[in-house]
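Any read-out appearing in this document is the output of simple, stated calculations on the displayed coordinates, not a laboratory observation. Predicted, not measured: the structure shown is a model, and the values here were computed from it. Here the Cβ positions follow ideal geometry from the backbone for every residue, glycine too, while neighbour counts run over all protein chains shown.
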Amino acid sequence: MAVQRALRTNNEADRPSSPVLQFGPDKPLKLDAGTVLSPFQVAYQTYGTLNDARSNAILVCHALTGDQHVANTNPVTGKPGWWEVLIGPGKIIDTNRFFVICANVIGGCLGSTGPASTNPATGRPYGLDLPIITIRDMVRAQLMLVDHFGIEKLFCVIGGSMGGMQVLEWAASYSERVFSALPIATGARHSSQNIAFHEVGRQAVMADPDWHGGKYLDFGRRPEKGLAVARMAAHITYLSEAALHRKFGRNLQDREALTFGFDADFQIESYLRHQGMTFVDRFDANSYLYLTRAMDYFDLAADHGGRLADAFAGTKTRFCLVSFTSDWLFPTEESRSIVHALNAAGASVSFVEIETDRGHDAFLLDEPELFAAINGFIASAARARGLSL
Amino acid sequence: MSVNRTQRVDLEVVTDLIPAHSRVLDVGSGDGLLLELLQETRQVDGRGLELSQRGVNECVARGLSVVQGDADKDLEFYPDKGFDFVVLSQTLQATRNPKLVLDELLRIGNRAIVSFPNFGHWRVRFSLLIKGRMPVTKDLPYSWYDTPNIHFCTIRDFVNLCEELGATVEKATALDANGQKIGLSMPWWFWNFFGQQAVFLLKR
């Protein structure tokens, strides 16, 4: 079962169960690393209908381990789309009204060109031969997709965590193409602590003998143990101490007493092992390296002479930022500094901090206050954009 | 979204001072009443800054452009003359540093509109003079120990502060206990005695 799913993940890299847009040698993707990616492809999903004025498009940017299957059953896991609580017919982001696009990021493993994709120069998977990808590179590829649809201005760009970084990059680099922006649980740069956690994850992957210097697919292997450990460590950062205590406490897993061994005595251990194991079934280890690196490199202020407000100078985009009280990966202060920069740039900005003990991952969950804020912001932006209800 | 206009006459006085399509920052925007009123009747480009997170979340859910922040700390991030009007409605007395806040309002806005409860009103004076107690009135319903209002001033005090900051009073209105405007021809001492609230339009 797991092996089959893993094989399916590999197939998804080159021949995904999503529409794919291929860019030939005439349309290379310019990379921040100073080189180009060509040819390359972008896998995406869309929902709803683009109106005649092409003014009702919402681009959803996915997080580190997310994918383009935002509002449909995931072809690899068989689970519902990762934001189906928010997006769909009659939902807060109503696909009866809006044309929703979500693309797998460059460097990902579900159909957009990434390390598991076949390198046309060698006929083998790229592995570490893929140049380093940045958040800005991801956004450039998304721009080419948006151009393909003939959309001059996106009604909204929305995303959480790494998705929020892409939203900020869109607003900074292509503000005239973004009517409204909704970055959630994110930051304008990756903090030292966040880079530290990512480095732990990468070292876990690379310490796995099955990683084979990144060429594991050539050996028919996958560094599952290393990637599982990386996921376990990262998963802790997505939750909060309070939520862990509430859910698991010191409860024992299917046993009456401690076993005086290293089995998963505690529920939290069992839970984390499960998280690690299911993750390796659906995600490519090298992709994990590339995407964590992209987040680490993100520093929007540094890209604009060290002053974040300059990233948004003259912007007409309407912003709404959301943070969560118990998020220690992207604490409220990260959002607040973006708000200050937007205020300094004279931008239209709303900022909501939501009280919850569910940590960083709260943005993926059913949080009524989050939905109320998104709903209010989108409704007022739609009025301003002249979109009928 | 209808606004209950009878309860807060001071909001109407503020609204009357603002021309259509102005850029307005409402500092201490609370539940968003004024911003909503301004958007409805003046089609302003309105933004809010509010301390209480609950107030902010409710405003955003209603489609208003509001951020959580502190008038004492967060005004410094706004650019010079970024707004046509900066409004501080019934909030000055709750700030830690009213002088600095007022200075910031005059920097950020081409004009500042400030409304505040007048501590020189005769009821306040009466309470202190005769009863020897800190006043608790309809407008100032808190006891001394739980009040968020830490920097009360009278209309005369406020006029002095404006002079000190080099601000010109372009227009001033005092409202009596019934929310009626006090006649323009009345002298300052009369306003200071019978005005329960004051609304000032300032420029620097």
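What separates the Cα centres of the stretch B:22-56 and the stretch B:59-78 is a distance of 9 Å.
Residue separation of A:Asp129 and A:Asp26 scaled by 0.36 nm, minus their Cα-Cα distance, works out to 34.9 nm of gained length. Across the stretch A:197-212, coupling constants 3J(HN,Hα) worked out from phi with the 6.51/-1.76/1.60 Karplus curve, θ = phi - 60°, read 4, 5, 5, 4, x, 5, 5, 4, 4, 6, 7, 6, x, 6, 6, 6 Hz, and Gly and Pro carry x.
Helical runs (DSSP H, four residues minimum) scored at -39500 (n - 2.57) apiece and divided by the length of chain B put the mean residue ellipticity at 222 nm at -8500 deg cm²/dmol.
Taking the DSSP beta bridges with both ends in chain B, the antiparallel portion is around 45 percent. Please determine, in degrees from 0 to 90 and to the nearest 10, the orientation of helix B:98-108 with respect to the longest principal axis defined by the Cα atoms of chain B, where the helix direction is its Cα long axis. Once rounded, one gets 40 degrees. Taking other C-beta atoms within 10 angstrom as a stand-in for reagent exposure, B:Trp122, A:Trp211, A:Trp170 fall in the order B:Trp122, A:Trp211, A:Trp170, fewest first.
Considering only DSSP beta bridges whose two residues both sit in the protein assembly as shown, what percent are antiparallel, to the nearest 5? Could you put the intermediate results ahead of the total?
Values: 28 of 74 bridges.
Approximately 40 percent, going by the DSSP bridge assignments.
Per residue of A:343-350, other chain Cβ atoms within 10 Å of the residue Cβ number 6 on average. Contact order for the stretch A:1-140, expressed relative to its length and based on alpha carbon pairs under 8 Å spaced 6+ residues apart, stands at 29 percent.
What is the order of B:Ile130, A:Ile132, fewest Cβ neighbours within 10 Å to most? Before the final figure, lay out each step's value.
Numbers: B:Ile130 8, A:Ile132 17.
Result, fewest neighbours first: B:Ile130, A:Ile132.
Order the peptides A:122-130, A:366-374, B:191-199 from the highest to the lowest mean number of other Cβ atoms within 10 Å of their residues. Before the final figure, lay out the partial values.
Values: A:122-130: 16.3, A:366-374: 18.8, B:191-199: 23.0.
Top to bottom by mean Cβ count within 10 Å: B:191-199, A:366-374, A:122-130.
Look at the alpha carbon pairs under 8 Å that are at least 6 residues apart: their mean separation over the length of chain A gives a relative contact order of 17 percent.
Sticking with the crude label model, points 7 Å out along Cα→Cβ, report the distance from A:Ile195 to A:Thr73 in nm, one decimal please. For the pair A:Ile195/A:Thr73, the computed spacing is 4.4 nm.
Taking the C-alpha atoms only, the angle from helix B:33-42 to the longest principal axis of chain B is near 60 degrees. Each other residue within a Cβ distance under 12 Å of A:Arg246 adds +1 if Lys or Arg and -1 if Asp or Glu, for a net charge of 0. Applying the Karplus relation 6.51 cos²θ - 1.76 cosθ + 1.60 with θ = phi - 60° to the stretch A:170-184 yields 3J(HN,Hα) values of 4, 5, 7, 8, 10, 4, 6, 9, 10, 6, 9, 9, 10, x, 10 Hz, where x marks Gly and Pro.
Proximity of backbone amide H atoms, modeled 1.01 Å from N, is registered between A:Ser323 and A:Ala185, A:Val352, A:Glu353, A:Ile354 at under 5 Å, excluding neighbours fewer than 5 places apart on the same chain. Note on A:Asp299 and B:Arg125: the model spin-label points, each 7 Å out from Cα along the C-beta direction, lie 6.2 nm apart.
Evaluate E = 1/(1 + (r/R0)^6) for A:Glu241 and A:Ser337, where r is the Cβ-Cβ distance and R0 equals 35 Å; express this FRET efficiency to the nearest 0.05. My answer for the efficiency is 0.90. Label-to-label distance, A:Arg54 versus B:Lys99, with points set 7 angstrom from Cα along the beta-carbon direction: 5.9 nm. Loop-resident trypsin sites (Lys or Arg not before Pro) (DSSP state other than H, G, I, E or B) in the stretch A:242-316 with no more than 15 further Cβ atoms inside 10 Å of their Cβ: A:Arg250, A:Arg255, A:Arg307, A:Lys316. From the alpha carbon centroid of the stretch B:153-168 to that of the stretch A:246-312 is 57 Å.
Counting Cα-Cα pairs of chain A in 20 Å increments starting at 0 gives whole-percent bin shares of 28, 59, 12, 0. The share of alpha-carbon pairs in the stretch A:195-292 lying farther apart than 16 Å comes to 59%.
Within the stretch A:30-67, whose backbone N sits under 16 Å from a point 7 Å along Cα→Cβ of A:Asp147? Counting backbone N atoms under 16 Å from the label point, the list is A:30-32, A:36-42. Shielding by partners for peptide A:312-323, expressed as the average number of C-beta atoms from other protein chains within 10 Å of each residue's C-beta, is 1.
Under 5 Å between amide hydrogens, built in the peptide plane, is the criterion, and for B:Ser115 it picks out B:Leu88, B:Ser89, B:Gln90, B:Thr91, B:Phe200 among residues at least 5 positions away or on other chains.
Too long at a 25 Å Cα-Cα cut-off: which of B:Lys81/B:Lys171; A:Lys79/A:Lys225; A:Lys79/A:Lys215; B:Lys99/B:Lys171; B:Lys81/B:Lys181; B:Lys99/B:Lys203?
Numbers: B:Lys81/B:Lys171 20 Å; A:Lys79/A:Lys225 23 Å; A:Lys79/A:Lys215 30 Å; B:Lys99/B:Lys171 19 Å; B:Lys81/B:Lys181 30 Å; B:Lys99/B:Lys203 15 Å.
A:Lys79/A:Lys215; B:Lys81/B:Lys181, as the Cα separations exceed 25 Å there.
Secondary-structure-derived ellipticity at 222 nm for chain A, considering helices only, amounts to -11500 deg cm²/dmol, per-run term -39500 (n - 2.57) for DSSP H runs with n ≥ 4.
Amide hydrogen proximity for B:Gly46: with H placed 1.01 Å from N in the peptide plane, the residues at 5 or more positions away or on another chain lying under 5 Å are B:Val24.
Here the 3J(HN,Hα) profile of the stretch A:95-111, calculated from phi with Karplus coefficients 6.51, -1.76 and 1.60 at θ = phi - 60°, is 6, 6, 9, 10, 9, 9, 10, 9, 10, 5, 6, 4, x, x, 10, 10, x Hz, Gly and Pro shown as x.
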